[in-house]
Amino acid sequence: QVPLVESGGGLVQAGDSLRLSCAASGRTFSRYVMGWFRQAPGKEREFVAAINRSGYSTDYADSVKGRFTISRDNAKNTVYLQMNSLKPEDTAVYYCAAGRGSYTVVAGSYDYWGQGTQVTVSS
C-alpha cells in the first residue's frame, strides 16, 4: 500500500494559480510513476499529467499543456502540480496516483489513489 494525501485545492478566480501537493507514505516513493487526474461533475476521470520515477520525463493532457507543471521531490516523497492561468473548465476534483508499472497516461494502470482535492475556478 502507498497512502497518498493530496492538498492545496481551493476556490480561485480565473487566471489565478494553485499548487497541489501529494504526499506519499513509506520509503519506496521513487519506485513509482506518479500521475494527476481530475474528475468534473458528471464527467469521467481524465488524465492531467504524469511523471516518471526520476522526474526527467513528463507528459500532459493537451488541455493543460503550457499551463500546468508536474514535478516530484523523491527526498520528500511528494509530487506537485503547479497550475497557472486557471480556467473555469479546470474545476474538478484532482487525484494523484502511483503506479508500479510503466510510465503511462492510462488511469487503469495506476495502483494507488489519493482521496482527491477540490479545485474550483470561478469566472
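This table checks each residue for (1) under 13 Å from Arg72 (Cβ atoms); (2) at pLDDT below 95; (3) open to solvent by 30 Å² or more (accessible area, probe 1.4 Å); (4) among the charged types (D, E, K, R).
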residue	(1), (2), (3), (4)
Ser7	no, no, yes, no
Gly10	no, no, no, no
Cys22	yes, no, no, no
Gly26	no, yes, yes, no
Ser30	yes, yes, yes, no
Ala40	no, no, no, no
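Scanning region 76-92 for residues that are touching a residue at least 60 places away in the same chain (Cβ under 8 Å) and open to solvent by less than 50 Å² (accessible area, probe 1.4 Å) returns Tyr80, Leu81, Met83, Leu86. You will find that of Val48, Val119, Val106, the residue that is surrounded by fewer than 13 Cβ atoms within 10 Å (Cβ to Cβ), in contact (Cβ under 8 Å) with a residue 40 or more places away in the chain and of a type in the set (A, V, I, L, M) is Val106 and no other. Total residues in region 106-123 satisfying the condition of being closer than 15 Å to Leu81 by Cβ and either in contact with a helix residue (DSSP H, G or I) (Cβ under 9 Å, 6 or more places away or on another chain) or in a strand (DSSP E or B) (or both): the figure is 5. Cβ-Cβ distances below 6 Å connect the following pairs, each with a first residue in region 3-24 that is over 16 Å from Tyr112 (Cα atoms), a second residue that is at pLDDT below 95 and open to solvent by 60 Å² or more (accessible area, probe 1.4 Å), and a separation of six or more residues or different chains: Ala14/Ser123. Kindly list, by first and then second residue, each pair from a residue in region 53-75 that is loosely packed, with under 14 Cβ neighbours inside 10 Å to a residue that is in a loop (DSSP other than H, G, I, E, B), limited to pairs with Cβ atoms under 8 Å and residues at least 6 apart or on different chains. From region 53-75, the pairs are Ser57/Tyr103.
The values are calculated or read from the model by the stated rules, or taken from the named source; none is laboratory data. What you see is a predicted model; the values in this text were computed from it and never measured. Note that we place each Cβ from the backbone using ideal geometry, even for glycine, and neighbour counts take in every protein chain shown. Side chains are part of the model used for accessible areas, which takes the heavy atoms of the whole protein and leaves out ligands, DNA and RNA. Shrake-Rupley method; radii C 1.70, N 1.55, O 1.52, S 1.80 Å.
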